[in-house]
1. Quick check, is B:R140 within 21 Å of the chain's Cα centre (by Cα), of a type outside the set (F, W, Y) and over 20 Å from B:S77 (Cβ atoms)?
2. With respect to A:F263, is the statement that it is touching a strand residue (DSSP E or B) at 6+ places or on another chain (Cβ under 9 Å) and over 27 Å from A:M304 (Cα atoms) true?
3. From the list B:A64, B:A36, B:A40, B:A49, pick out the single residue that is under 20 Å from A:K124 (Cα atoms) and surrounded by fewer than 18 Cβ atoms within 10 Å (Cβ to Cβ).
4. Looking at A:S109 and the list (1) crowded, with 17+ Cβ neighbours inside 10 Å; (2) modelled with pLDDT of 90 or more, which single condition is not satisfied?
5. Scan (1) outside any loop (DSSP other than H, G, I, E, B); (2) over 13 Å from the mean Cα position of the chain (by Cα); (3) in the same structural domain as B:I316 (by TED's automatic domain parsing) for the single condition B:L87 breaks and write down its number.
6. Which one of these is at pLDDT 95 or above, surrounded by fewer than 19 Cβ atoms within 10 Å (Cβ to Cβ) and away from chain A (no Cβ under 13 Å): B:E285, B:E303, B:E317?
7. Go through the residues of the stretch A:33-56 one by one and say whether even a single one is in a helix (DSSP H, G or I), more than 8 Å from DNA strand D (Cβ to nearest atom), at pLDDT 90 or above and within 36 Å of the chain's Cα centre (by Cα).
8. Which pairs turn up if I take residues in the stretch B:37-62 that are more than 14 Å from chain A (Cβ to nearest Cβ) and look for partners that are more than 14 Å from DNA strand D (Cβ to nearest atom) and in a loop (DSSP other than H, G, I, E, B) with beta carbon separation below 9 Å, at least 6 apart in sequence or on another chain?
Number of protein chains: 2
Amino acid sequence: MGRKRTKSGKIRLAEVAELAGVSPITASRFFRNPEALSVAKRTRVESAARELGYVPNLAARALASQRTEVIGVLIPSLTNNVFSDVLRGIYDASEGSRYSIQLSNTRYSILQEEKLLRLFLAQKPAGLIVTGIDQTTESRAMLEAAECPIMQIMEIGPNPVDMMIGFSHYDAARAAIAHLFDQGRHRVGFVGARMDPRVQRRLDGYGAAMKDAGLFDQRLIVTTATPTSVTLGGALFADLLAREPDIDAVFCANDDLALGVLFECRRRDIAIPDQIAIVGFNDLEFMAASVPTLTSVRTNRYEMGSTAAAMLIEAIEGKRPERPVLDLGFTVIERQSSQTQRQAASPRAGEWMPAAQNDSVTNEP
Amino acid sequence: MGRKRTKSGKIRLAEVAELAGVSPITASRFFRNPEALSVAKRTRVESAARELGYVPNLAARALASQRTEVIGVLIPSLTNNVFSDVLRGIYDASEGSRYSIQLSNTRYSILQEEKLLRLFLAQKPAGLIVTGIDQTTESRAMLEAAECPIMQIMEIGPNPVDMMIGFSHYDAARAAIAHLFDQGRHRVGFVGARMDPRVQRRLDGYGAAMKDAGLFDQRLIVTTATPTSVTLGGALFADLLAREPDIDAVFCANDDLALGVLFECRRRDIAIPDQIAIVGFNDLEFMAASVPTLTSVRTNRYEMGSTAAAMLIEAIEGKRPERPVLDLGFTVIERQSSQTQRQAASPRAGEWMPAAQNDSVTNEP
DNA sequence: GTCGCTGCTGGTAGCGCTGTCAACGTTCCT
DNA sequence: AGGAACGTTGACAGCGCTACCAGCAGCGAC
């Protein structure tokens, strides 16, 4: 003996065990797998722990068990509304579980991501959530060698490292352009900022749709590497307009840009949708509140986060999903900004969904 | 011996020490306080660590040293733009330091905050950042008993637990109303949502300013506990207008509401600023991009986060600031939505700052 | 009655690192 | 020259928990 109730009066597992009249290891089991105890001991340990206000020491647990109960999350931006919704989903789903979230910001740099990945992996996380499908070769190798479940989010594509939840940005963009064609628009401009891989894929979808219709024109595309903003939306649109005054629609790579375009039109007295139709991407809350209301492609951001975390936790606990790739789809929410003539009553008429909406698995490993 | 290079081939400190030809404890010191080593050993350990790709085991370190290198952060919302800016500041300032951020969401509940606080404190964090000054008595007691530096952010007030960074929401609201008075407005409405303590203080500031001018009227105030949104801004403004059609200005508790008011005015063909002036709060990016541009109270959110994290880290490392309370101030950014007659060229004329802007300490413990 | 088998419990031995303190060599002072 | 003072280093003993394996009942099967 010689050591009991050491400094700082912290309650240790041993104290709980002593009070409950069991061995420390039995008390330990109570916290990890209560089912394994007899009912009698279980209640004894439980009340002892409560009485002493015992809180397990996670560092000791991690050291002894050689693993942590941390889920690492790598996202490219903390400012972008899109990620705050995803994050909220992740935090909500992890709450109540034993796992805690460790967040890091890659700032849209895959090199930074690689660095952070190395850091995370060294601490043996219980699981990992990474953004997108564009990792460096090195990152990819580390992820594949990792001993924990991995979830890639925001996007789906071929060759998942492990699990994947997202939707096709390419298809979503195509659907948005198809909607504009439906409305009789032909000269559709593209406005994009930041141009991360997902925005690039939206541009690809736009380009393919335009080409298929024989309407592609490189000059209709205005992009910049600058981070997105409402102000930038206005500026890029002004550029586009200066170059191609005869456009009849603009597809914006995100909603901030779309709002910027809306304001720029107002500034120039361009009628929406009569002269120019606007379609955004993500369907942030303000899109339904603006004047005119703005059409956008709704993405299931919160669900992406919460489902990703929930599935990851299941996988950590041994229950691997039958389908590792989950397509959460998207919906083109048609609003005033893109409706050529007055349509039926509902401002949300015509929702577009992918063929097999909820579980359309696009690729298997 | 008998145990070297154990399972999983992980490099331990002992291996590094062996390769460097020093004792483990010396190698340990290299990572915590390199200055304490002779230059010769320092370089030896350094190259040995690099050669082996050594990564310290944080769990073991935490267990042995009885403290962690984790900074806990408690914020009320992950969705609110305001907090994402603050968070970005916190993450940026912690990057490069040895400390990692552990984030939790209180969802605007001080009971939830108390629960999370208990959880955090049990893991002996290196420091803690909490939002606001309205904690439960129990939380307050725990914070005061904590053995680590504590930073309260977003707001300043009397009796800091330890350190505090923020600004006076009361004064900021008063400044906004003063600006409207300057512009000749008298019937100033207030539109607020969520009504957390900081919004409440803005309302108090509004009320005080109105009373001082003899213009206070309870019916000018429209609030709700519902979470804020652009749509809600329009709805609340509609309520206000129905009740008090003769208002000539609206002070919105945040920018989303202000944008909603702007759109509602557009919907009703109310001229801004001729018929109604609008002032928001926070000065989010879109306020400068809208048509008309929207006046707002700029708050230094990113700086609040980065300064808080930087000061906290300093304090953790023993360098306590000479002034524990830091007022980061605010600025009324005057734009078209509140300017009665055409003013001087600069659209940002008339910036208002608190008397001693950068370090006006309002209260000392 | 013996042999497994299962279900529960406990002992032992670390997990990888750091706090403490003693020991050492060197320098500087008297 | 002797000793104090300093800077640098290492031995030892855990930090609080869990992995591993052994032990011990209680049970049914043969």
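The values are calculated or read from the model by the stated rules, or taken from the named source; none is laboratory data. Computed from a prediction, not measured in an experiment: that's the story for all the values here. Heads up, the Cβs are rebuilt from the backbone with ideal geometry, glycines too, and the neighbour counts pull from every protein chain shown.
1. It is true that B:R140 is within 21 Å of the chain's Cα centre (by Cα), of a type outside the set (F, W, Y) and over 20 Å from B:S77 (Cβ atoms).
2. Criteria not met by A:F263.
3. Only one candidate qualifies: B:A64.
4. Against the list (1) crowded, with 17+ Cβ neighbours inside 10 Å; (2) modelled with pLDDT of 90 or more, A:S109 comes up short only on (1).
5. Only one criterion in (1) outside any loop (DSSP other than H, G, I, E, B); (2) over 13 Å from the mean Cα position of the chain (by Cα); (3) in the same structural domain as B:I316 (by TED's automatic domain parsing) is unmet by B:L87, namely (2).
6. Of B:E285, B:E303, B:E317, the one residue that is at pLDDT 95 or above, surrounded by fewer than 19 Cβ atoms within 10 Å (Cβ to Cβ) and away from chain A (no Cβ under 13 Å) is B:E303.
7. No, the stretch A:33-56 has no match at all.
8. These pairs meet every condition: B:A48/B:Y54.
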